[in-house]
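These notes are about the structure you will find just below.
Just so it is clear, none of the values below were taken in a lab; they were calculated from the coordinates. As the structure is a computational prediction, the values presented were derived from the model and not from experiment. A quick note on method: Cβ atoms are made from the backbone with ideal geometry, for glycine too, and the neighbour counts reach across all protein chains shown.
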Amino acid sequence: MISKQAQIAKSKLVKEVIDPSVSLAEERSGWDDYASTLPLAQGVKSQAENIAGVECLWLYDEQIVDDKLLVYAHGGGLVVGSITTHRAFVSFLAKAIGRKILMVGYGLLPEHDFSKPMADITDVYSALIDDKHFDPKQIYIAGDSSGAGAALSSLVHLRDLGRKLPSGFIALSGAFDVSLQGVTMKTNDHNDPVLSLNVLRHWQKQYFEGKIDLNHPHISPLFSSLDNLPEMFLIAGGDEVWLDDSVRLARLVRQSGGTAHLKIFDKMWHVFQMDTALPESHLNMKQIKSFLDNGIVES
């Protein structure tokens, strides 16, 4: 059952609409300006670093001394969002899991090629291994929404390059199919308090349709070969339009012989974990820690 706190938070959410009067630059700066005022979790420090030509941000509790690492790709439809928009949330995640997190500030569309987010995550991971001498076994890759999609695309690409892969993959409300074929795009369209199929179709048409193959694995990793990938933990909200992307990915990974844990939070919305005060967010962060530490997803 959804908590009372989540019910109250959900009632205050505003469903996204298409507003042609707001430019992409204004949308980006507005989100950045707001998020820059949010404090980091207590005791968590941040440090910017350029890695492989990509602006990144380290987030870590000062008490952490080992090299266990989570590489994180932020969401935002690959056209908005940044290290700044997600830094506060990711700092709480770093505190909860007791690991360093490296946020990857990948290049956004449309000013970059559609494969740029995947390529930047790939390059940062490779530099961690080759230049900073991190052990792949100590690394997990994660992301939310479209960032999770780009992170999964990078895993597929790393596998195809013959690189050593990280120990696992974590996705929060992953968006893995730019063609929007998931059944919950329609069945949850009226339930989702944040996103709508109409807005996502506008996003698809503006940035992807007619420019690329919507099923290209660099942008829609759900249509990749999914064999020989690390163990996955996929989390989604029961009311979100993107729900079926996680359901389909879990099924396809299992059919390919891999391991995919799937947790669906009833009545919750897209990347609900960004509201770090919710009991559901606390529970999910504990589950993520359990997956990272023991490979077990607790109920």
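To keep it simple, each residue is scored yes or no on (1) free of Cβ contacts under 8 Å to residues at least 40 places away in the same chain; (2) more than 19 Å from E298 (Cβ to Cβ).
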| position | (1), (2) |
| --- | --- |
| E240 | no, yes |
| D245 | no, yes |
| L249 | no, yes |
| R254 | yes, yes |
| G257 | yes, yes |
| L262 | yes, no |
| K267 | no, yes |
| V271 | no, yes |
| M274 | no, yes |
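Criterion applied to Y34, Y72, Y60 was being closer than 27 Å to L197 by Cβ and of a type in the set (F, W, Y), and the one residue passing it is Y34. Counting only helices (runs of 4 or more DSSP H) that sit completely within region 1-117, those holding 1 or more residues that are crowded, with 21+ Cβ neighbours inside 10 Å and β-branched (V, I, T) correspond to 83-97. Do you know which residues across region 259-299 are of a type in the set (D, E, K, R), farther than 17 Å from G238 by Cβ and not in a loop (DSSP other than H, G, I, E, B)? The answer is K286, K289, D293. Restricted to region 147-194, and to residues there that are of a type in the set (A, V, I, L, M) and surrounded by fewer than 24 Cβ atoms within 10 Å (Cβ to Cβ), the residue that is nearest to I288 (Cα to Cα) is L165. Among residues of region 247-265 being within 16 Å of P217 (Cα to Cα) and either β-branched (V, I, T) or touching a strand residue (DSSP E or B) at 6+ places or on another chain (Cβ under 9 Å) (or both), the one that is surrounded by the fewest Cβ atoms within 10 Å (Cβ to Cβ) is L252. Filtered by the rule that a residue be part of a loop (DSSP other than H, G, I, E, B) and closer than 18 Å to L222 by Cα, region 150-198 gives S173, G174, A175, F176, D177, V178, S179, L180, Q181, G182, V183.
Examine region 212-231 for a residue that is buried (at least 20 other Cβ atoms within 10 Å of the Cβ), part of a loop (DSSP other than H, G, I, E, B) and among the acidic types (D, E), and state whether such a residue exists. Within region 212-231, not a single residue is buried (at least 20 other Cβ atoms within 10 Å of the Cβ), part of a loop (DSSP other than H, G, I, E, B) and among the acidic types (D, E).
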